[in-house]
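**Student:** Below you'll find the structure I mean.
The values are calculated or read from the model by the stated rules, or taken from the named source; none is laboratory data. Note that the coordinates shown come from a computational prediction; the quantities given were computed from them, not determined experimentally. All Cβ positions, glycine included, derive from the backbone under ideal geometry; neighbour counts span all protein chains shown. These area figures cover heavy atoms from the full protein model, side chains too; ligands, DNA and RNA do not enter into them. Shrake-Rupley method; radii C 1.70, N 1.55, O 1.52, S 1.80 Å.
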Amino acid sequence: MSPIYNFCAGPAMLPQAVMQKAQKELLDWNGLGTSVMEVSHRSKEFIALTEQAESDLRSLMHIPANYHVLFMHGGGRGQFSAVANNLLGAGGRALYLVDGSWSSAAVTEAKKLAGENNIDTINIIDPSTGKNKVELPDLFKIDKDYRYVHYCPNETVDGIEIFEPLSSPWPVIADMSSNILSRKIDVSQFGLIYAGAQKNIGPSGLSIVIVREDLLSLPNLPQSSIMDYKLAVKHGSMFNTPPTFAWYLAAEVFRWLKEMGGVESLQELNAKKAALLYECIDGSDFYTSGVAVENRSRMNVTFQLVNSELDAEFLEQAKQAGLVALKGHRSVGGMRASLYNAMPIEGVKALVSFMRNFATNHA
Ligand SMILES: *Cc1c(COP(=O)(O)O)cnc(C)c1O
């Protein structure tokens, strides 16, 4: 069978080596004669797994010692509310930068919890360019006192990525659900980073939170205990039963990333993968991209067929060629190829060659 390349935006493909190891260990993990799903999260074997996972993630991302690493429930959206609940006490205000669907969904949730009037927003897409281009505001010029500024450096649906760092007088909170571990970042520039796991880390449900120690003393809103950062820290992310199988797979993905040469190597490979696809889009008048060159996501490449009447046929033929899940998000249409860490460069080459042939055959 020729390989299937899965371009799904999430839940996304996982590294094949990790899936094979999980398959091999499914019924007998660590010589225990049971699966990892069937052992206590407080057993010494599982605790050892969580310690290894944390230390691997710390070394992959060079996480400073004054940051906690939490493994929580509830995916990316769970953190939309957790961030507001944990960091905004009564009357606390926050600023949200909006550059696409997910940052805008984060605003909706924060307003619901903290009150409409306590959440300010700035749209950071500059409409004058006719393309999706991000213009970061000078936050030092804003004469207000916010608890934090929230933004989404990779908008998964829209294919927009912000590569320049965000300078801010307030702690920066970043939703990195779809670009965590895809390129080097300086964690010390952030107050808190969170990510739903199902794009670049593991199965859905799990979320990773990296939070600077001092943010934990901010006053909070009433909230459920399982989403409380302080309780999560106190209990080693085990206030209640964590999603253990997802945690195990995340640990295996971190191990795989280290074997691959770490984030530095992945960054290089991801840049190459994305460049191949954008070159194909730009080099043809059959395909087009609505995102400004500076903000083209390396993880989620959105593009359109100039003749959208061919969309269905494109998707059908791609599928027959083993290239699946290329349909753009229902809210924006067009196509989207997600090129997370687990996507091998061969998959991108196969897609590019398919796209060239399709264009030629429909010229
Ligand atoms: C997928 C995604 C989310 C939502 O994740 P869920 O686990 O479905 O809640 C949030 N933010 C970004 C940037 C995402 O890509």
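**Student:** Subtracting the Cα-Cα distance from 0.36 nm times the residue separation, let me have the gained length for T360 to D214 in nm, one decimal. Provide the component values of the computation, followed by the final result.
**Tutor:** On the way: separation 146, 0.36 × 146 = 52.56 nm, distance 5.76 nm.
Extending this stretch completely gives an extra 46.8 nm.
**Student:** If you average the sequence gap of Cα pairs under 8 Å that are 6 or more apart and divide by the length of segment 81-146, what percent do you get for the contact order?
**Tutor:** Working: 72 pairs, mean separation 22.0, N = 66.
Relative contact order here is 33 percent.
**Student:** More than 17 angstrom separation, counting every C-alpha pair in segment 261-361; what % is that?
**Tutor:** 48 percent
**Student:** Please give the peptides 176-184, 105-113 ranked by average Cβ packing (other Cβ atoms within 10 Å per residue), highest first, as a rough proxy for protection.
**Tutor:** On the way: 176-184: 23.9, 105-113: 18.2.
Listed from highest to lowest mean packing, they are 176-184, 105-113.
**Student:** Here's something else I'd like to know. Rank-order 229-240, 334-345 by packing density, defined as the average count of other C-beta atoms within 10 Å over each peptide's residues, highest first. Can you show the working numbers first?
**Tutor:** Numbers: 229-240: 17.1, 334-345: 22.8.
Per-residue mean Cβ counts within 10 Å order the peptides as 334-345, 229-240.
**Student:** Return the inverse of the average 1/r over all pairs of distinct C-alpha atoms in segment 1-151, which is the Kirkwood hydrodynamic radius, in Å to one decimal. Working shown, then result.
**Tutor:** Values: mean 1/r = 0.0509 Å⁻¹.
About 19.7 Å, per the Kirkwood formula over Cα pairs.
**Student:** Mind scanning K133/K184; K184/K273; K24/K349; K44/K234 and naming the pairs with a C-alpha gap bigger than 20 Å?
**Tutor:** Values: K133/K184 22 Å; K184/K273 16 Å; K24/K349 30 Å; K44/K234 18 Å.
Over 20 Å Cα-Cα: K133/K184; K24/K349.
**Student:** Next up: Ignoring any ligand, DNA or RNA, what whole percent of the accessible area of segment 17-259 comes from carbon and sulfur when the probe is 1.4 angstrom?
**Tutor:** Values: 5160 of 10050 Å².
On segment 17-259, the fraction of accessible area on carbon and sulfur atoms equals 51 percent.
**Student:** Quick one: accessible area per residue over segment 261-361, 1.4 Å probe, rounded to a whole number of Å²?
**Tutor:** Value for segment 261-361: 44 Å² per residue.
**Student:** Would you be so kind as to identify which of M238, L14, F71 lies farthest towards the positive end of the dipole of the chain, taking Lys and Arg as +1 and Asp and Glu as -1 on Cβ and the Cα centre as origin?
**Tutor:** M238
**Student:** Could you calculate the contour length gain from S2 to L27, that is, 0.36 nm times the residue separation minus the distance between their Cα atoms, to one decimal place in nm? Working shown, then result.
**Tutor:** Values: separation 25, 0.36 × 25 = 9.00 nm, distance 2.84 nm.
Answer, rounded to one decimal: 6.2 nm.
**Student:** If a/c stays under 1.5 just call it rounded; otherwise compare a/b with b/c (prolate if a/b is bigger, oblate if not). Do that for the chain, with a ≥ b ≥ c from the square roots of the Cα gyration tensor eigenvalues. Write down the numbers at each step before the final one.
**Tutor:** On the way: a/c = 2.07, a/b = 1.16, b/c = 1.78.
Oblate shape, in that a/c is at least 1.5 and b/c is the bigger or equal ratio.
**Student:** Place +1 on the Cβ of every Lys and Arg and -1 on the Cβ of every Asp and Glu in the chain, take the dipole about the Cα centre, and give the residue among S331, A274, V39 whose Cα lies farthest towards its positive end.
**Tutor:** Of the candidates, V39 comes out farthest on the positive side.
**Student:** Restricting to Cα pairs below 8 Å that are 6+ residues apart, what does the relative contact order work out to for segment 17-259? Please round to a whole percent.
**Tutor:** Value for segment 17-259: 28 percent.
**Student:** Continuing with this model, one more query. How high is the relative contact order of segment 261-361, in percent, counting Cα pairs under 8 Å that sit 6 or more residues apart? It would help to have the intermediate numbers written out before the result.
**Tutor:** Working: 104 pairs, mean separation 30.4, N = 101.
Relative contact order comes out at 30 percent.
**Student:** A further question follows. Can you tell me the FRET efficiency between D285 and E309 if r is taken as the Cβ-Cβ distance and R0 is 22 Å, rounded to the nearest 0.05? Could the numbers behind the result be given before it?
**Tutor:** Details: r = 16 Å, r/R0 = 0.72.
Taking R0 as 22 Å, the efficiency between D285 and E309 is 0.85.
**Student:** Please report, as a whole percent, how much of the solvent-accessible surface of segment 274-352 comes from carbon and sulfur atoms (probe radius 1.4 Å). Don't skip to the end; give the middle numbers.
**Tutor:** Details: 1720 of 3390 Å².
Here it works out to 51 percent.
**Student:** How much accessible area per residue does segment 135-204 have, in Å², with a 1.4 Å probe? Could the numbers behind the result be given before it?
**Tutor:** Numbers: 2290 Å² over 70 residues.
Normalised by residue count, the accessible surface of segment 135-204 is 33 Å².
**Student:** Moving on. Quick check: Cα centre of segment 165-206 to Cα centre of segment 311-343, how many Å?
**Tutor:** Going from one Cα centre to the other spans 25 Å.
**Student:** Still on this structure: How do the peptides 195-201, 3-9, 32-38 rank, highest first, by the average count of neighbouring beta carbon atoms within 10 Å per residue?
**Tutor:** Working: 195-201: 26.9, 3-9: 18.6, 32-38: 13.7.
Highest-to-lowest ranking by the protection proxy: 195-201, 3-9, 32-38.
**Student:** Taking the Cβ of E346 as the center, what net charge do the other residues with Cβ under 14 Å away carry, scoring Lys and Arg +1 and Asp and Glu -1? Before the final figure, lay out each step's value.
**Tutor:** On the way: positive: K272, K273, K349; negative: none.
My count for the surroundings of E346 gives +3.
**Student:** Right, another one. Are there DSSP H segments in the chain that both extend 15 Å or more along their axis (alpha-carbon positions) and score a mean Kyte-Doolittle hydropathy of at least -0.5? List them, or say none. If you can, show how the numbers build up before the last one.
**Tutor:** On the way: long enough: 44-61 (26 Å, -0.22); 75-87 (18 Å, -0.20); 101-114 (20 Å, -0.01); 244-259 (23 Å, 0.22); 262-282 (30 Å, 0.02); 345-361 (24 Å, 0.41).
Length and hydropathy pass: 44-61, 75-87, 101-114, 244-259, 262-282, 345-361.
**Student:** For the pair K44/D143, report the inter-label distance in nm, with labels modelled 7 Å from Cα in the Cβ direction.
**Tutor:** Going from the K44 label point to the D143 one covers 6.3 nm.
**Student:** So what's the back-of-envelope 222 nm ellipticity for the chain, counting only DSSP H runs of four-plus at -39500 (n - 2.57) apiece and dividing by all residues, rounded to 500?
**Tutor:** -11000 deg cm²/dmol
**Student:** Let me know the Rg and Dmax you get for segment 160-263 when you use only its Cα atoms, in Å.
**Tutor:** Final numbers for Rg and Dmax: 14.8, 43 Å.
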